[in-house]
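*Asks:* Structure below; questions to follow.
The values are calculated or read from the model by the stated rules, or taken from the named source; none is laboratory data. Here the structure is a predicted model, which means the values were calculated and not measured. When we count neighbours, we look across all protein chains shown, and the Cβ atoms used for this are built from the backbone with ideal geometry, even at glycine. Protein only, heavy atoms only, side chains kept; ligands, DNA and RNA dropped before computing areas. Shrake-Rupley method; radii C 1.70, N 1.55, O 1.52, S 1.80 Å.
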Amino acid sequence: MKRILSTLTLAVIGLASAASAQPQAGKADSLENLLMLANTDQEKANLLDDLAWEYLYTDPLRARVYADSSQQLFTKIEDEAGRGKALVTLANTFVVVQKYDTAASLYRKALEILEPIEEWQKAGAAYNNLGIISGELGNYEEAKNYYIRGLEFRKRAKDSTSVAQSLLNLGTVYHHTGGEQELAIAYWTEAAELARQLDLPDLEGAAVNNIGWLYMEKKEAKLSQSYFMKAVQIFKESNNQFRLSGAYNNIGSSYIELHHIDSAVFFFKKSLEGNDFNDLAKSYSLHGLGNAYYLRGENELALKYYKEALNLENELGVKNEITNSLLSIGNILTELGRLGEAHPYLVRARVLADSTGDLWHQSQAAKFLLLSELRSNGQLEKAAMVEKMAETRDSLFSREKFRAIAEIEAQYQVKQEKAEKKALQVEAALQESRVQRQKFAIIGISAGMLFVLGFLFLLYRQYTLRVKQNLQLAAKNAQIHLLNRELSHRVKNNLQFVSSLLEMQGRRAGSEDARAALQESENRLQAMALLHRRLYQQEEGATTVELGSYLEELCGYLESTYPADGPPPEIHTEIEPIQADAEQAGRLGLIVNELLTNSFKHAFHEVEQPEVFLGLRRTEDGYIRLSYRDNGKGMPVGYDVQNSRSLGLKLIHTLSRQLSGSVEVSSQPGARYEFEFRGMKKTG
């Protein structure tokens with residue numbers, strides 16, 4: 001069962017974990033304006049560090065650029081305390097994208113600077129964050145040592161808020177090590193009391209919430225519920241929607257454990273209602289709803305919520321959560337008899353479980369794959385037996401005991417095989433004296449059995465080789481799909497980042513011509529960014545785009561950039577739903593971008609009601625025809641479109657040739673373009 005156990009994740013997070021990740025509207029713009037007005041390197045370095053914090057959760061790549069620039073400036077002015085602070089911030093940008101090795105290296109580098117100059121507060125934050133990384137990687141003893149060191153430094157700095165954070169984290173790591181639950185409760189209780197004295201309701205609620213979970217694990221349901229409800233009340237009073245969402249999720253999980261399914265559904269939905277800012281917590285709630293509806297027997301609803309959770313987890317790249325959702329989906333599809341649909345989910349779950357080394361997930365994936373294989377071959381009785389045995393085993397053995405049980409089972413099997421071998425030897429010796437007269441018959445039977453066994457072995461070997469090849473192929477395909485999605489995601493983010501830089505530069509440009517040129521460049525980038533966003537949002541492996549919705553969205557964006565000195569043009573579209581591959585769609589989008597940009601710049605200065613018509617259809621010959629016209633003043637008489645020095649028109653003709661297209665241009669009144677693209681193959 002997925003739950004949210006509160007940890008004060010970074011000094012990254014000021015007070016109470018990811019609640020502080022909600023960006024403050026307008027603050028980033030204000031900081032950027034101050035940065036442009038800053039006179040000294042010291043001011044600039046501090047403002048860059050503040051900007052890195054502001055973008056840390058919404059745009060980690062941009063935050064990383066700001067943090068790195070900050071530490072370079074601090075190095076230049078030989079400010080060691082500032083440099084250590086900026087290195088901690090830079091490390092944080094790697095933590096939020098789960099690049100823990102790089103983050104840990106940067107934290108240690110920061111500590112080499114901060115400890116000798118007795119910057120206890122910043123050094124305490126670095127040790128705290130190293131503890132978080134170790135905890136995420138399952139190294140709880142190491143995490144405990146880091147937290148204790150961080151607590152010591154924070155006490156030296158007399159930073160009571162950070163002390164409360166460290167106490168909360170220490171309680172969490174003691175909870176994970178097992179056998180030290182009373183210490184965990186003691187640390188959480190101390191953290192809650194200190195937070196209450198400091199008027200830090202978010203931190204107090206986090207500690208109370210964790211105590212509730214510990215009592216739930218101890219099967220003290222009534223006591224657990226009282227702590228959960230107290231946490232909800234605290235978060236309501238502080239209006240912390242993020243933490244409140246997590247508390248509702250935890251209550252839903254507790255009701256699942258108690259088999260109160262209706263109550264569980266209610267609280268999971270309450271959790272989703274207040275969560276518009278943290279996709280990981282949202283995926284937990286969606287998975288919890290899937291569990292609830294599965295236990296209720298509503299498998300289609302369960303599938304819906306599991307798949308929604310999987311989509312978010314794929315975007316976040318959280319392997320254990322992805323594996324859990326894949327197994328849940330594969331299991332339901334198998335139970336519904338949709339074996340062909342179930343198989344890819346289960347294969348991908350097995351690949352991910354092998355990559356993380358999680359024995360529980362490996363065993364579950366192997367079980368579901370075996371059940372799917374048996375059912376697809378019509379071996380329903382064997383499948384039922386395997387399922388019954390697996391249910392019995394799962395009811396007896398918890399996930400935490402799985403490794404130890406597997407080792408004991410292996411030792412038992414070795415001893416059993418030795419005992420059986422010795423018994424067979426004794427039995428053979430006794431039988432030898434009694435079956436001497438049947439020697440030749442036994443030899444003949446044995447030879448026949450060996451032949452049959454050899455034949456069966458060959459069949460089995462061929463079968464296992466085929467299964468192995470299928471698994472390898474499926475794993476390779478899954479990896480390719482993941483890489484394609486990652487590539488589209490990165491291209492989309494990079495285009496968005498460059499577009500933001502152009503927008504910032506445009507605001508600082510000294511002339512209208514420069515601002516217009518930068519706006520045109522930004523529009524071209526946005527045309528490509530919209531395309532890559534669509535590719536990323538589609539199903540895995542998708543390489544085509546539906547031109548109608550893409551061009552509609554592009555027109556809407558360009559209409560929003562129309563200068564405010566006149567009425568915006570009314571754009572009429574008649575676009576058929578046509579599929580095209582990504583490269584062709586990108587070129588077509590750039591052509592439409594240039595046409596609209598030219599009309600906006602030149603056509604409507606003296607037009608009271610500007611209008612544009614855009615049409616796209618497939619001809620009887622299978623080609624694509626694009627029609628464009630405006631009601632502007634048209635092109636000057638004698639204007640040579642083919643030899644124009646305009647960059648936009650040159651782009652239009654170049655892109656048209658790349659699509660094996662022809663273009664007819666006419667004017668008076670308005671500009672009119674008719675394209676026919678012979679190079680756009682029919683894909684849908």
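*Asks:* With each label point set 7 Å from Cα along the Cα-Cβ vector, what nm distance links Gln121 and Glu552?
*Replies:* 5.3 nm
*Asks:* At 0.36 nm per residue, minus the direct Cα-Cα distance, what do Glu674 and Lys468 gain on full extension? Give it in nm, one decimal, please.
*Replies:* On the way: separation 206, 0.36 × 206 = 74.16 nm, distance 5.48 nm.
Length difference between fully extended and current span is 68.7 nm.
*Asks:* I would also like to ask the following. Could you check the spin-label model distance between Ala81 and Glu300? Points 7 Å from the Cα along Cα→Cβ, value in nm.
*Replies:* Going from the Ala81 label point to the Glu300 one covers 6.5 nm.
*Asks:* So, in Å, what gap is there between the alpha-carbon centers of the stretch 131-165 and the stretch 241-258?
*Replies:* Measuring centre to centre over Cα atoms gives 26 Å.
*Asks:* Tell me, what is the FRET efficiency for Lys27 and Lys219 to the nearest 0.05, using R0 = 35 angstrom and their Cβ-Cβ distance as r?
*Replies:* Working: r = 46 Å, r/R0 = 1.31.
With a Förster radius of 35 Å, E is 0.15.
*Asks:* Once you put a point 7 Å from the Cα of Ile445 and another 7 Å from the Cα of Glu335, both along the Cβ direction, what distance in nm separates them?
*Replies:* Taking the simple label geometry, Ile445 and Glu335 are separated by 4.7 nm.
*Asks:* Go ahead and run the numbers for FRET between Lys99 and Glu664, Cβ-Cβ distance against an R0 of 60 Å, rounding to 0.05.
*Replies:* Values: r = 53 Å, r/R0 = 0.89.
Calculated value: 0.65.
*Asks:* Further, regarding this structure: Would you work out which of Ala302, His287, Leu203 lies farthest towards the positive end of the dipole of the stretch 159-314? Charges go on Cβ: Lys and Arg +1, Asp and Glu -1.
*Replies:* Going by the charge dipole, the pick is Ala302.
*Asks:* Ok, one more. Quick one: work out Rg over Rh on the C-alpha atoms of the stretch 79-150, Rh as Kirkwood radius. Mind showing how you got there, number by number?
*Replies:* Details: Rg = 11.3 Å, Rh = 11.8 Å.
Using Cα coordinates only, the ratio equals 0.96.
*Asks:* For Phe94, Phe268, write out the residues from largest to smallest accessible area, computed with a 1.4 angstrom probe and no ligands counted. Numbers along the way, then the final one.
*Replies:* Numbers: Phe94 30, Phe268 0 Å².
Largest to smallest exposure gives the sequence Phe94, Phe268.
*Asks:* Right, here's the next one. In angstroms, what radius of gyration and Dmax does the stretch 286-379 have, counting Cα atoms only?
*Replies:* That works out to 12.6, 39 Å for Rg and Dmax.
*Asks:* Need one word for the stretch 539-630: rounded, prolate or oblate. Basis is the Cα gyration tensor (sqrt eigenvalues a ≥ b ≥ c); a/c below 1.5 gives rounded, then a/b vs b/c decides.
*Replies:* On the way: a/c = 2.64, a/b = 1.82, b/c = 1.45.
Verdict is prolate for the stretch 539-630.
*Asks:* Step through the table entries Lys76/Lys319; Lys158/Lys270; Lys44/Lys650; Lys76/Lys158, compare each Cα-Cα distance with 32 Å, and write down the pairs that go over it.
*Replies:* Numbers: Lys76/Lys319 40 Å; Lys158/Lys270 39 Å; Lys44/Lys650 42 Å; Lys76/Lys158 30 Å.
Going by Cα-Cα distance, Lys76/Lys319; Lys158/Lys270; Lys44/Lys650 fall outside the 32 Å limit.
*Asks:* Is the stretch 107-236 best put as rounded, prolate or oblate by its Cα gyration tensor, with a ≥ b ≥ c the root eigenvalues, rounded for a/c under 1.5, and otherwise prolate when a/b is larger than b/c, oblate when not? List each step's numbers first, then the result.
*Replies:* Numbers: a/c = 2.80, a/b = 1.60, b/c = 1.75.
In terms of gyration-tensor shape, oblate.
*Asks:* Using the Cα centre of the stretch 266-353 as the reference point, and only Cβ charges (+1 on K/R, -1 on D/E), how large is the resulting charge dipole? Debye, rounded to the nearest 20. Numbers along the way, then the final one.
*Replies:* Values: 10 positive and 11 negative charges, 39 e Å.
For the stretch 266-353, the charge dipole is close to 180 debye.
*Asks:* With all protein chains present, calculate the accessible area of Val97 using a 1.4 Å probe and round the result to the nearest 10 Å².
*Replies:* 60 Å²
*Asks:* Here's something else I'd like to know. So, in Å, what gap is there between the alpha-carbon centers of the stretch 177-228 and the stretch 553-584?
*Replies:* Using only Cα atoms, the two centres lie 54 Å from each other.
*Asks:* Based on the alpha carbons, how large is the Rg to Rh ratio for the stretch 23-150 when Rh follows Kirkwood?
*Replies:* Numbers: Rg = 14.8 Å, Rh = 14.9 Å.
Checking Rg against Rh, the ratio lands at 1.00.
*Asks:* Separate question: If r is the Cβ-Cβ distance from Ser627 to Leu370 and R0 is 60 Å, what FRET efficiency results, to the nearest 0.05?
*Replies:* Values: r = 58 Å, r/R0 = 0.97.
That gives a FRET efficiency of 0.55.
*Asks:* What base-10 log of the normalised intensity I(q)/I(0) is obtained for the stretch 599-684 from the Debye formula, alpha carbons as equal point scatterers, at q = 0.11, 0.16, 0.18, 0.22 Å⁻¹?
*Replies:* -0.34, -0.69, -0.84, -1.12
*Asks:* Across bins of 10 angstrom width beginning at 0, how are the C-alpha pair distances of the stretch 127-185 distributed, in whole percent?
*Replies:* Pair shares across the bins are 28, 53, 18, 0.
*Asks:* A further question follows. Based on the alpha-carbon gyration tensor of the stretch 165-257 and its eigenvalue square roots a ≥ b ≥ c, which shape applies: rounded if a/c is under 1.5, prolate if not and a/b is larger than b/c, or oblate? Write out the running numbers ahead of the final one.
*Replies:* Values: a/c = 1.93, a/b = 1.06, b/c = 1.82.
Oblate is the answer for the stretch 165-257, as a/c is 1.5 or above yet b/c matches or exceeds a/b.
*Asks:* Separation of the stretch 53-112 and the stretch 298-331 by C-alpha centroid, Å?
*Replies:* Their Cα centres are 33 Å away from one another.
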